[in-house]
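The values are calculated or read from the model by the stated rules, or taken from the named source; none is laboratory data. Keep in mind it's a predicted model, so treat the numbers as computed, not measured. Reconstructed Cβ throughout: ideal geometry from the backbone, glycine too, with neighbour counts over all protein chains shown.
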Amino acid sequence: MFNAASAQIKEQGIIPQPYKIQKGKGVFTFSGTAGIELEKGIDQHNLDFFEQYLMSVSGSVSSVNNVAVIPDIDIVIDSIRVPQKEGYQLIIKSKHITIHGHDEAGVFYALQSLVQLIHMANGKATVPVCTIEDHPRFAYRGMHLDVSRHFFTVQTIKKWIDLLALYKINTFHWHLTDDQGWRIEIKKYPLLQSISAYRDETIIGHKRDSPHKFDGKRYGGYYTQDEVKDVVKYAMQRHISIIPEIEMPGHALAALAAYPQLGCTGGPYKTATYWGIFDDVYCAGNEETFIFLQNVLDEVLPLFPSKYIHIGGDECPKTKWQTCPKCQQRIKDEHLKDEHELQSYFIGRMEKYLNNKGRQIIGWDEILEGGLTPGATVMSWTGEEGGIAAAKQHHDAIMTPEKYVYLDYFQSLYPAEPIAGGGYTPLSKVYNYEPITKELTGDEAKYIKGVQANAWSEYMASPAQAERQLFPRMLALAEVAWTDKANKNYNGFLKRLRYQHPMLQRLDINAANTYDEITGDIGTTADHQTSLSLNTTLPGGKIFYTTDGLAPGLKSKVYNKPLTIISSGNIKAGVFSNGKQTGRTYMQSFNIHKAVGKTVTLVNQPKGTYNTGDISGLVNGVFGNKLYNDGQWYGFNGDDLDATVDLGSVQPVTKLGINILKYHWQKMWEPTLLTFEASADGKTYTEVYRQTAFNDNGINAVRATIKPIQARYIRIKGTNKGTIPPGEYIAGAKAWLLVDEISVE
C-alpha cells in the first residue's frame with residue numbers, strides 16, 4: 001500500500017506534491033551516460049528538458065534507444081496501469097527507473113518529477129529510491145501573461161514556458177492585444193504593426209499618481225506570425241496549450257488608433273500611454289467592426305490549434321454606445337433591452353463565428369452581462385461569483401479571482417517592496433486558495449475545469465521584475481491546480497520550495513525569496529485592546545523585537561506570544577537564524593487614542609475588497625498605508641460614510657481625526673462634505689467640525705482641534721461623490737469613498 005509522502009521526500013521533493021509516494025531505501029545514481037529506452041511512438045521531445053538539466057548539473061548525458069547501452073530508464077505508455085489523463089507512475093530503484101505514463105503528457109510529467117528529485121553530492125547526481133503514483137486534480141492549469149503593457153521577447157517567453165512545464169502547468173494564456181499595444185502580426189491590417197504595436201511614451205510610477213508623468217520614449221513591438229508559430233510549437237512539445245486573447249469589445253484603443261472607423265466617434269485615437277480603462281471601444285453598431293475582427297481571427301486561428309480562443313469581454317464601458325447612433329440602432333433592430341444586452345449580442349455573434357470554425361470562446365466574467373451565450377466558458381476574475389454563476393448554469397468556468405491569484409499584486413507589505421498593481425497576494429494566500437467553493441453542489445462543481453494565475457505587466461518593465469512577481473507564487477498555483485486537496489500542506493510546500501530554490505537560481509530565474517520574513521496580524525484582545533501577532537515560517541527562526549525605535553538584535557526582547565499594545569509607538573522585529581538576521585526588518589506603528597477598541601456602528605456597510613469583514617479596524621490604532629492593500633481601509637461604493645463611535649462614557653474631547661484616501665485614477669474620491677458631530681446621550685448631536693477640501697493625492701489626514709467638549713458619542717459623516725463626473729477617469733461609475741482610523745483625543 002502507498003502511504004502519504006514521507007517527510008524526507010517532501011523536503012527534497014516535488015512541486016506540485018504528488019498524489020501518492022512510497023519511500024524506499026537507497027538512491028539511484030546516474031552514470032556518465034544514462035541509457036533510456038522509449039516505447040515505440042513516444043515523442044523524444046519529452047526528454048529535452050530532462051536531458052538538458054541532467055547535463056547542466058552533473059555533466060551526464062543520455063543515450064536514447066541505443067541497443068549498445070543497457071537502459072537505466074524504461075519509458076512506456078500504459079493507459080490501463082495509469083487510468084487518469086496526464087497521470088504517471090514513477091518507479092525508482094537503485095539500479096533502474098521505470099516510467100509508466102497514461103499518455104505522452106504523463107510521461108513528460110514523470111520526467112519533470114525526476115528532474116526535481118535530482119540531488120548533487122560528491123560530483124554525482126542521484127535520486128532517492130521511491131515509487132510515485134500521480135495525476136492532476138484539474139484538467140486546466142494555467143498562467144496568464146499580458147504582453148501589451150510590457151513586451152517580452154520570444155526567448156524570454158520560451159524560458160518561462162520551460163519553467164511552467166517543469167511544474168506541470170499545461171495552459172499559457174497569452175494576452176496579445178489591449179489599449180497599450182497590439183502584439184501579433186495581422187497581414188491583412190498592416191497598420192496594426194506600424195501604429196497599434198507602438199505607443200508614444202509610457203507612464204512613470206503608479207497609475208494612481210496625479211499628475212501622471214511620462215518617460216517620453218516610444219515603446220512597442222510585436223510577434224510575427226512565424227515567431228508565434230515557433231512559440232506555439234515549442235509549448236506543444238512541453239504539453240502546454242497556448243490560448244490567445246484578442247480583446248473585444250473593450251480595451252480596443254490600440255486597434256482604433258490604426259483603424260479609427262471602428263470606433264463610435266471616428267477618432268482620432270492614440271495607443272494608450274498609461275494604464276486603465278478607456279471609454280473608446282469597438283462600435284457594436286458598425287458592421288465593419290465585425291468584419292475586421294473576423295478577418296483578424298481568420299489569421300489568428302491557424303497559428304493556435306487550441307480548443308479555446310479568449311475574446312476578453314471585460315471592462316467595456318458603455319458610455320460611447322449610449323450616445324452612438326449606430327449602436328442605438330443596433331439595439332433597436334435586434335430588440336435588445338439596453339447596452340448590456342448589446343454586449344451579449346456582440347459576444348454571441350463572435351462566438352458563433354468561432355464555433356463555425358470549430359473553436360470555443362473563453363471570456364472574462366463580464367460576458368455574463370446581458371445573459372451568457374451558449375457554450376461560453378467563463379474565466380472568473382472579479383471574484384468567485386462569475387465562476388459560481390456559470391457553474392450553476394452548467395457552463396464551464398476557470399477560477400482566477402484577483403483577490404487570490406493575481407501575480408501583479410504585492411507579495412509583501414514591507415515598504416521597500418517594488419511597485420506593483422495594488423492588491424496583496426502573498427505566497428500563502430495563493431497556496432491556500434480553493435477553487436471549488438462551498439456554494440457549489442457536487443454536480444455543479446464538475447463545471448469548474450481548473451484554475452489560473454494572472455499576471456498583468458503594467459509594473460513588470462523587465463524580465464527580472466516579472467520573474468520576481470511570477471515566481472515562486474506560480475509554483476504555489478501549480479500545487480493548487482495539480483495536487484489533491486487532502487495532500488496540500490503549506491509548511492510542506494515551503495520545505496520543498498526551499499530545497500528547489502537553488503534549482504531556480506541555476507535556471508536563471510529571479511524568484512522572490514521573501515516568504516519567510518515576518519508577517520504581522522493585528523487583532524483585538526478580550527478586553528478590546530489592540531494586539532499584534534508576529535509570525536515567520538522559517539524553521540528554527542527566532543523573532544526578536546524592540547519598542548524603543550532601535551533595530552532588533554540578538555539582545556532585544558524575544559517574541560513568544562501576541563503583544564498587547566497599550567501605548568503609541570513603533571514595533572520593530574527581525575527573524576534570526578544561526579545568530580544572523582534573515583530577511584528585512586518588520587515595522588508597525590501604533591497610535592493609541594480614546595476610540596481604540598470602542599464600539600463602532602455603520603449605517604452603510606463597506607463593499608468590495610476594501611472590507612476586512614470586521615469594522616474594529618476603524619478604531620485599532622493602526623493607520624492604513626498609501627497602497628491601500630493592508631486590510632485597514634474601508635470602502636463605500638456610491639454610499640455615504642455614516643459612523644458612530646461609542647466611547648463608553650462621557651469624557652472630554654479636544655481632537656478628532658480620520659484618514660481619507662484620494663486617488664481619482666483608482667476611482668477613489670474625496671467626500672464632498674465631511675462632518676464630525678458629538679453627543680452625550682446618543683440622541684442629540686452637535687456639529688463640531690466640517691471640511692470640504694481634500695487637496696492631497698493620496699492620504700488626506702484630517703486632524704481637527706475643536707473647542708473642548710464633553711461627549712460619549714462621536715458621529716462622522718462623509719458625503720460620497722456619488723457618480724464620477726464627466727471628463728474624469730471612468731466617468732459615470734460609482735465613486736469609492738475610502739476611510740480609515742477614526743481617532744478621538
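Quick notes
- Subset tally (residues that are more than 27 Å from Glu467 (Cβ to Cβ) and either surrounded by fewer than 20 Cβ atoms within 10 Å (Cβ to Cβ) or not assigned by TED's automatic domain parsing to the domain that holds Gly579 (or both)) for region 533-543: 3
- Residue check for Ile195: out of contact with any strand residue (DSSP E or B) (no Cβ under 7 Å at 6 or more places or on another chain), touching a residue at least 12 places away in the same chain (Cβ under 8 Å), surrounded by fewer than 23 Cβ atoms within 10 Å (Cβ to Cβ) and in the same structural domain as Asp280 (by TED's automatic domain parsing): yes
- Looking only at residues of region 388-426 that are outside any loop (DSSP other than H, G, I, E, B) and touching a Leu at 6+ places or on another chain (Cβ under 8 Å), we find that the one that is nearest to His144 (Cα to Cα) is Val405.
- Put simply, of Glu467, Glu517, Glu458 the only residue that is out of contact with any helix residue (DSSP H, G or I) (no Cβ under 7 Å at 6 or more places or on another chain), crowded, with 16+ Cβ neighbours inside 10 Å and under 30 Å from Gly621 (Cα atoms) is Glu517.
- In region 30-64, the residue that is surrounded by the most Cβ atoms within 10 Å (Cβ to Cβ) out of those that are under 17 Å from Ala125 (Cβ atoms) and of a type in the set (Val, Ile, Thr) is Ile36.
- In region 125-144, the residues that are among the acidic types (Asp, Glu) reach residues that are surrounded by fewer than 20 Cβ atoms within 10 Å (Cβ to Cβ) with C-beta atoms within less than 9 angstrom, at least six apart or across chains, in these pairs: Glu133/Phe2; Glu133/Lys20; Glu133/Gln22; Asp134/Lys20; Asp134/Gln84.
- Options Tyr628, Tyr586: the member that is over 30 Å from Gln651 (Cβ atoms), in a loop (DSSP other than H, G, I, E, B) and among the aromatic types (Phe, Trp, Tyr): Tyr628
- One residue from Lys572, Lys598 being at pLDDT 95 or above and over 32 Å from the mean Cα position of the chain (by Cα): Lys598
- Top-ranked residue of region 167-211 - restricted to ones that are part of a loop (DSSP other than H, G, I, E, B) and of a type in the set (Ser, Thr, Tyr), ranked as nearest to the chain's Cα centre (by Cα): Tyr167
- Subset tally (residues that are within 34 Å of the chain's Cα centre (by Cα), assigned to a loop (DSSP other than H, G, I, E, B) and either in the same structural domain as Val82 (by TED's automatic domain parsing) or farther than 30 Å from Ala252 by Cβ (or both)) for region 119-152: 5
- Qualifying residue in region 616-633 (condition: out of contact with any helix residue (DSSP H, G or I) (no Cβ under 9 Å at 6 or more places or on another chain), on the phi > 0 side of the Ramachandran plot and surrounded by fewer than 16 Cβ atoms within 10 Å (Cβ to Cβ)): no
- Among the strands (runs of 3 or more DSSP E) confined to region 633-722, the ones with at least 3 residues that are in contact (Cβ under 8 Å) with a residue 24 or more places away in the chain and either assigned by TED's automatic domain parsing to the domain that holds Lys734 or more than 30 Å from Trp275 (Cβ to Cβ) (or both) are located at 634-637, 641-662, 673-679, 698-719.
- Checking each residue in region 147-188 for being acidic (Asp, Glu) and surrounded by 24 or more Cβ atoms within 10 Å (Cβ to Cβ) picks out Asp178, Asp179.
- Among residues of region 65-89, those that are at pLDDT 90 or above and surrounded by 15 or more Cβ atoms within 10 Å (Cβ to Cβ), counted: 13
- Gly363 fulfils the conditions (1) crowded, with 24+ Cβ neighbours inside 10 Å; (2) within 20 Å of Leu303 (Cα to Cα); (3) outside the structural domain of Gly285 (by TED's automatic domain parsing) except for a single criterion, (3).
- Between Gly285, Gly276, Gly312, the distinction of being surrounded by 23 or more Cβ atoms within 10 Å (Cβ to Cβ), under 29 Å from Ile724 (Cβ atoms) and in contact (Cβ under 8 Å) with a residue 24 or more places away in the chain belongs to Gly312 only.
- Options Gly549, Gly540: the member that is under 20 Å from Pro415 (Cβ atoms), small (Gly, Ala, Ser) and touching a strand residue (DSSP E or B) at 6+ places or on another chain (Cβ under 9 Å): Gly549
- For region 395-422, the tally of residues that are touching a helix residue (DSSP H, G or I) at 6+ places or on another chain (Cβ under 8 Å) and over 13 Å from Ala453 (Cβ atoms) stands at 5.
- Residue list for region 348-373, filter: touching a helix residue (DSSP H, G or I) at 6+ places or on another chain (Cβ under 8 Å), free of Cβ contacts under 8 Å to residues at least 40 places away in the same chain and not polar (S, T, N, Q): Leu368, Glu369, Gly370, Gly371, Leu372
- Ala453 of a type in the set (Gly, Ala, Ser), within 19 Å of Val154 (Cα to Cα) and under 17 Å from the mean Cα position of the chain (by Cα): no
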